[in-house]
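Encoded as structure tokens, the structure appears first; notes follow it.
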């Protein structure tokens, strides 16, 4: 099990997650990294940005890049609907919006239910998945926020500075 998984869950033996859907799959994000959850807002497009960058938003006078997780995870594009949400997440002082199909619930899971992502399934794409949790009969993939934020911030900074 990765030290990142065990370190965040070790203090209480439990991890609290905001769960969300992308298509039929369920994902989780540590609630400590979630600032807020917003309904879909209007994005300002960034010219020549990668396909996974939805654009930027102005959230209380903060310009925040928004990553479309469907596109980032190479899933089929889906138009916004009444369930689409933006999860505003923060890690080490960097903030990014994550466009998801729907937010499900806040869920507590035991750190014992966490496993590293199987390398035979994810291969090098495991960078965005930090663990797998079994919740009853469901499997929940825990999102590794660090590479998502660094890619969103890097793209945002490069576009504004060029």
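Some points to look at:
- If you go through the stretch 27-42 and keep only what is out of contact with any helix residue (DSSP H, G or I) (no Cβ under 9 Å at 6 or more places or on another chain) and either crowded, with 18+ Cβ neighbours inside 10 Å or under 30 Å from residue 108 (Cβ atoms) (or both), you end up with 28, 31, 34, 35, 36, 37, 38, 39, 40, 41.
- Test: residue 70 is at pLDDT 90 or above and assigned to a helix (DSSP H, G or I): yes
- Residue 140 vs. criteria modelled with pLDDT of 85 or more and closer than 23 Å to residue 45 by Cα: no
- Residue identified as exposed (fewer than 15 other Cβ atoms within 10 Å of the Cβ) and without any contact (Cβ under 8 Å) to a residue 60 or more places away in the chain among 48, 58: 58
- Only residues that are modelled with pLDDT of 85 or more and farther than 16 Å from residue 19 by Cα were counted across the stretch 95-115, and they come to 3.
- Filter result (closer than 21 Å to residue 130 by Cβ, surrounded by fewer than 10 Cβ atoms within 10 Å (Cβ to Cβ) and in contact with a helix residue (DSSP H, G or I) (Cβ under 9 Å, 6 or more places away or on another chain)) within the stretch 61-94: 74, 92
- Among the residues of the stretch 53-80, those identified as over 13 Å from the mean Cα position of the chain (by Cα) and within 20 Å of residue 25 (Cα to Cα) are 74, 75, 76, 77, 78, 79, 80.
The values are calculated or read from the model by the stated rules, or taken from the named source; none is laboratory data. For clarity, every value in this text was computed on a predicted model and none was experimentally measured. We place every Cβ from the backbone using ideal geometry, glycine too, and count neighbours over all the protein chains shown.
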